[in-house]
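Every read-out reported here was derived from the displayed coordinates using simple, explicitly stated rules and does not represent laboratory data. Keep in mind it's a predicted model, so treat the numbers as computed, not measured. Backbone-built Cβ (ideal geometry, glycine too); neighbour counts: all protein chains shown.
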């Protein structure tokens with residue numbers, strides 16, 4: 001998606017260690033005009049997928065997911081992160097390893113809001129190692145919900161998550177796919 | 001706001017200890033139709049307040065804030081919670097006591113996105129003890145930004161936060177103000 005790629009080039013920042021900061025428009029400060037355009041693109045891509053629910057994970061997935069919910073006209077559910085392992089039976093749970101914080105989080109959604117008959121579009125801001133997306137897909141499977149696909153804002157295509165999750169049989173659509181980033185600040189898109 | 005009050009009465013749940021659960025439409029699963037109507041009401045209330053930025057706090061404030069950003073046509077910034085006290089100089093910080101988790105969080109926003117010249121509307125899902133709102137207001141003052149007001153989805157008017165923050169000179173508009181809740185499930189609005 002050209003609009004997003006241009007914005008990454010103009011406002012994104014590359015930090016040492018392959019970190020791309022886009023907190024000026026996507027995951028700290030959010031630009032509603034850009035996020036609306038991105039949501040419309042997700043809707044164009046998944047218009048015929050029978051989506052009845054958007055699922056994401058707190059915190060930075062919530063913004064893109066809300067705009068997607070508006071484009072699809074369906075509820076938006078966000079999984080919560082929790083370090084507690086002992087939860088009552090009212091939640092579907094899964095585990096996600098956080099590479100950012102070096103900690104394993106339990107993610108959870110209420111059984112009231114996800115189950116058999118749901119066709120879910122998972123939305124997230126980044127796809128790199130794919131840990132969060134794996135956890136969300138597993139959570140849907142546990143709940144008996146179908147995964148219509150995953151809509152990702154920015155995919156680091158040089159990291160293994162996208163390949164692994166597509167091999168798992170899940171349709172993944174990323175609005176910007178980064179082929180390579182150099183420490184000098186050069187970004188090449190796929 | 002009648003639409004929200006009706007939804008609280010039909011889908012809200014009262015748990016022991018004065019807890020109101022609205023996670024079917026506001027802070028776990030979100031209804032984009034309701035949140036759009038609420039954002040338009042915030043815009044009607046603060047249309048002349050010169051707002052150029054929406055500020056909220058992760059995680060459950062992000063949804064209502066995104067829709068407000070769309071209604072106001074301005075960027076949405078969310079404060080992050082952090083238990084680390086030692087942060088580099090690139091953030092404005094403040095502290096917030098969490099009554100839910102009995103822990104003090106440092107909240108932070110990047111200095112790049114908040115400062116002198118900003119006129120901020122703070123949006124949050126709940127106002128009860130007012131700890132989060134106090135922290136966000138203090139953070140704006142530290143940054144040299146003006147607080148145009150606070151737009152709250154649900155205020156527990158029987159708790160002290162709303163009164164204290166209005167006494168602090170901040171305009172607070174709450175779309176639903178709860179006067180009392182009984183353990184039997186009765187809710188009375190102001």
Footprinting proxy, B:97, B:92: sorted fewest to most Cβ within 10 Å, the residues are B:97, B:92
Rounded to the nearest 10, the angle in degrees between the Cα long axis of helix A:62-72 and the longest principal axis of the Cα atoms of chain A comes to 80 degrees
Per the rule of 0.36 nm per residue minus the C-alpha distance, extending residue B:168 to residue B:9 adds in nm 54.1 nm
With the label set 7 Å along Cα→Cβ, residue A:189 is separated from its counterparts in the other copies, in nm and shortest first, by 4.6
Taking r as the C-beta separation of residue B:180 and residue B:97 and R0 as 30 Å, the FRET efficiency to the nearest 0.05 is 0.75
In deg cm²/dmol, rounded to the nearest 500, the helical mean residue ellipticity at 222 nm of chain A, built from -39500 (n - 2.57) for every DSSP H run of length 4 or more, is -9000 deg cm²/dmol
Expressed as a whole-number percentage, the relative contact order of region B:109-182 with C-alpha contacts under 8 angstrom and at least six residues apart is 33 percent
Region A:106-125 and region B:2-76 have their Cα centres apart by a whole-number Å value of 21 Å
The residues A:44, A:7, sorted from fewest to most surrounding Cβ atoms within 10 Å, come out as A:44, A:7
Counting only DSSP beta bridges with both partners in region B:81-156, the antiparallel fraction in percent, to the nearest 5, comes to 55 percent
So, relative contact order of chain A in percent, Cα under 8 Å, 6 or more apart, is 19 percent
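Based on DSSP, what percent of beta bridges with both residues in region B:2-189 are antiparallel, to the nearest 5?
45 percent
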Taking A:159-172, B:154-167, A:63-76, A:23-36 and ranking on average Cβ neighbours within 10 Å, highest first, one gets A:63-76, A:23-36, B:154-167, A:159-172
With one decimal in nm and the nearest listed first, the spacings from residue B:21 to its own position in the other copies, using label points 7 Å along Cα-to-Cβ, are 4.0
Measuring from the longest principal axis of the C-alpha atoms of chain B, the long axis of helix B:32-46 (C-alpha) lies at a number of degrees, nearest 10, equal to 60 degrees
Taking every DSSP bridge whose two residues both lie in region B:1-106, the antiparallel percent to the nearest 5 is 65 percent
With one decimal in nm and the nearest listed first, the spacings from residue B:97 to its own position in the other copies, using label points 7 Å along Cα-to-Cβ, are 3.9
Proxy exposure order for A:180, B:174 (fewest C-beta within 10 Å first) is A:180, B:174
The helix B:131-143 Cα axis meets the longest alpha-carbon principal axis of chain B at an angle in degrees, between 0 and 90 and rounded to 10, of 20 degrees
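Below 8 Å between Cα atoms, with a sequence gap of 6+, how large is the relative contact order for region A:45-128 in percent?
Reported as a whole number, the value is 38 percent.
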